[in-house]
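Presented below is the structure to which this report refers.
Read-outs throughout are calculated quantities, based only on the coordinates presented, and are distinct from any laboratory measurement. Note that the structure is predicted; figures quoted are calculated from it, not measured. No Cβ is skipped: glycine too gets one built from the backbone with ideal geometry, and neighbour counts run over all protein chains shown.
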Amino acid sequence: MNFNSFSFRIRYAETDQMGVVYHGNYAKYLEIGRVEWLRALGITYRSMEEGGIMLPVIFLQINYKKSAKYDDLITVETVLKKTPSVKIEFDYKIYNESRELLADANTVLAFMDMSTGKPIKCPDYILEKLS
């Protein structure tokens with residue numbers, strides 16, 4: 001599976017006085033997209049970390065198109081770009097309820113061994129779920 005869609009409502013704490021989502025929160029929304037993409041595969045970040053693997057973000061790009069606002073129901077669509085190796089790359093699109101594109105983004109993360117802090121190959125159990 002290389003695609004997942006997840007929707008949630010914008011909370012007041014994520015906005016400024018004008019009710020517009022603070023730009024830094026979009027990185028959190030991308031993380032939600034990744035976490036839910038993994039969860040749909042039957043894998044959790046927690047289980048990966050318990051297995052000694054972490055996934056730090058090494059690249060992040062966001063193109064803002066339109067403002068998300070307080071109480072909007074937004075959808076984060078997450079797409080795996082290619083079969084992961086030492087890195088895993090995702091594209092995202094964030095939409096509001098009217099299917100207006102709010103932002104598109106890209107992230108690259110590296111699989112890292114928590115005990116050594118060194119990059120490692122994508123675990124076989126993830127590759128098996130993707131095949």
Give me a comma-separated list of calculated 3J(HN,Hα) values for region 30-35, in order, Karplus coefficients 6.51, -1.76, 1.60 applied at θ = phi - 60°, integers in Hz, x for any Gly or Pro.
5, 4, 4, x, 5, 4
Which residue fluctuates the most in the chain, going by a Gaussian network model with Cα springs under 10 Å, if the choices are 118, 82, 66?
118
Distance-filtered residues of region 27-51 - backbone nitrogen under 15 Å, label point 7 angstrom along residue 125 Cα→Cβ:
38-51
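Where does each of 48, 54 land when they are ranked from fewest to most other beta-carbon atoms within 10 angstrom?
54, 48
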Going by how many other beta carbons lie within 10 Å of each one, how would you line up 126, 94, 74, fewest first?
126, 74, 94
Lysines with Cα under 23 Å of residue 66, excluding same-chain neighbours fewer than 8 positions away:
28, 93
Full-extension gain in nm, residue 2 to residue 81, via 0.36 nm per residue minus C-alpha separation
27.7 nm
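Can you sort 34, 99 by how many other beta carbons sit within 10 Å, fewest first?
Exposure proxy ranking, most exposed first: 99, 34.
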